[in-house]
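Coordinate-derived values only; no laboratory data. No experiment lies behind these values; they were computed from the predicted model shown. Reconstructed Cβ throughout: ideal geometry from the backbone, glycine too, with neighbour counts over all protein chains shown.
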Amino acid sequence: MSQPEYDDLATQLTRTLTDRADALSATPLGLAEVTGRARSIRRRRAATAVAGTAAVVALLVPTAALARHSGERPEPGPATQSTTPTETSAPVDARAPLDVRGLPEGKPPANGYLVAGLMHLADGDTATVSSRHRVDAFAVLSDGTEVFHTLTDQGVGSVEVTDSGGTEHGPYPAGFGLAVDDSRTAAAWVSPDGQVRTWVATHTAPTAIAPPLPGGAAQVASMSGDCSAATPCRVLVRTTDQTTGKSTDHVVSSDGTTAPADPAHRFVDVSDVSGFGLVAGYTRIGEGDSCSAVASGSGPVDWKTCDHSLLAFSPDLTSVSADSDFRSGTGSSVLAAYDVATGHLLFEHRSTLKTQAFVTSTVWEDDTHLLATVYQHGRWSVVRFGLDGSMEIAVSAEQGRNFESPIVLAGQP
Amino acid sequence: MDRPPEDRTGATAVAERRTARDSDFAAYLAARQPSLLRTAYLLTGNRHDAEDLVQTAFAKLYLSWDKVRDRGSIDGYVRRILVNEHNSLWRRAWKRREHAADDVVLHALEEPHHDLADDGVGSALWDVVQTLPRRARAVVVLRYYEELSEAETAAVLGISVGTVKSQTSRALAALRERAPQTLNPRTSEEDDPS
């Protein structure tokens, strides 16, 4: 008979475990020890967020629906150019199709990610997130402060902050987007009335960094500088006039000034600006084509491409990410990167009719790697793209609807 | 030039909230740590790792204290932190490196004394429990020490009830296989000349 056997064992098991546990003499644990460990965990999480990256640059996802292009192409560089060898020993095809099936598994994202309400950091540590609404962007600052941009089901944005001491702040009304500075010292968002606010590490309240921007819906795109007196932060913000639909790009600085993102009027839409005068964006958006360019000063643009939309500079400002020049539906069918100095194409992975994959959010993990959430055949993954053309899985596949990634990368807009 | 935060006067209010929060947390810590330490000990098998595990679990709870809006759910929440922390691959690798050299010494010094009135059956069973894989050991501890239901165990471990059932079944089979013969009637019957 099996049941008596089970009961005997279960009874003995309970007795054994209880005896063992009861015999344990406890060493009292004080609040100071717990808070000390908590501070250590916070520091580790913050260090993990910064490790391996001078910055994780938030990328602007162009909102304009663009049509496919014809012409004005720079001479591309070698298709198999390898700038950063990876650990992969097999030859790397920098023009391989965008296909995440069967990719090797790599380390988790150095900047962390969030899925199903659980924040994952590179060291394997996790933390639950219980924000009031769905998190669509988040950042962990250098002191461990967590900044979450959330959206209600109706699309109303707000920002919630948990400071390094564990105290919650907000929610603060917010427009779209959340940007983080290169050193993860500060995060920035814009309120519905056009007021750009930053949260600086170690602070206990947000700071309004300049007078509110005039007119319309606002979206934060990117941020550079650490908001100190020595290196003021510069926040790229786009406002859109609700009547005319015209968008304007501004650079709002923590020194209190606001200026046009491209005073020389070379760009019709600015995608990214750096603290060193680099600008990337669209130079032309036509009915059926578009072109993008990089400029390093106030003069003519340095180089131009009409094959891709340029997105964001790498932390070391040597590369710029790119995706499709024609964005329709929920994502881009291509991901690429260019050499900032020469305009040479470093890699391009394009989806095919067979692979049917597309990219949504993208962030720079370090100077030579991009992380992107990729959808393919009913599953979402985070894929690490090397400038040498390599691809590997950073977060394994999660099932999800094909219009909204269940995975949120730290630093994504 | 940096501008001052908008709410300097709020700093006092924040400090007061933090003090109240710490007081609230300290009361919970004092009340629940003995129980949590016992569970941690059963999971880890030694007091050193158990204390470390409990400290980490409470630290993570502290970091989330303001976010746990339903105070009635805290016990389950911290238990889940504890078990998941114990199961994490990263922790396992780290622990292996840290304690590989002195595992034997630690176990010899820190094993609590226990009643041997059961002719060593409990001691032997405990030894076998320690050989179970971590996930299986967690299932056994939650089911037979914490006396959680299969559904509650599944919720703590973040796995399905079906997985809890299969893990329990496999763990008991392993225990029956390797535990003293008095707990394995099949073997006892085979040995019984009658």
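Relative contact order, whole percent, for the stretch A:297-413 stands at 17, derived from Cα pairs under 8 Å and 6 or more residues apart. Among A:ILE41, A:ILE407, A:ILE209, B:ILE74, a tally of other beta-carbon atoms within 10 Å of each Cβ gives an order, fewest to most, of B:ILE74, A:ILE41, A:ILE407, A:ILE209. When each of A:CYS233, A:CYS291 is scored by the number of other beta-carbon atoms lying within 10 Å, the sequence from fewest to most is A:CYS291, A:CYS233.
Inter-part distance, the stretch B:16-57 to the stretch A:292-311, computed on C-alpha centroids, equals 56 Å. Residues A:PHE358, A:PHE385, ranked from the fewest to the most other C-beta atoms within 10 Å, line up as A:PHE358, A:PHE385. In this simple spin-label approximation, B:ILE159 and A:GLU404 carry label points 7 Å from Cα along the Cα→Cβ vector, and these lie 3.1 nm apart. Computed from backbone phi with θ = phi - 60° and the Karplus coefficients 6.51, -1.76 and 1.60, the 3J(HN,Hα) list for the stretch B:124-131 is 5, 5, 4, 4, 5, 4, 5, 8 Hz; x is used for glycine and proline.
Percentage of Cα-Cα pair distances in the stretch A:352-406 greater than 14 Å, rounded to whole percent? Looking at the stretch A:352-406, the distances longer than 14 Å represent 52 percent of pairs. Relative to one another, the C-alpha centroids of the stretch A:188-214 and the stretch A:233-291 are positioned 19 Å apart.
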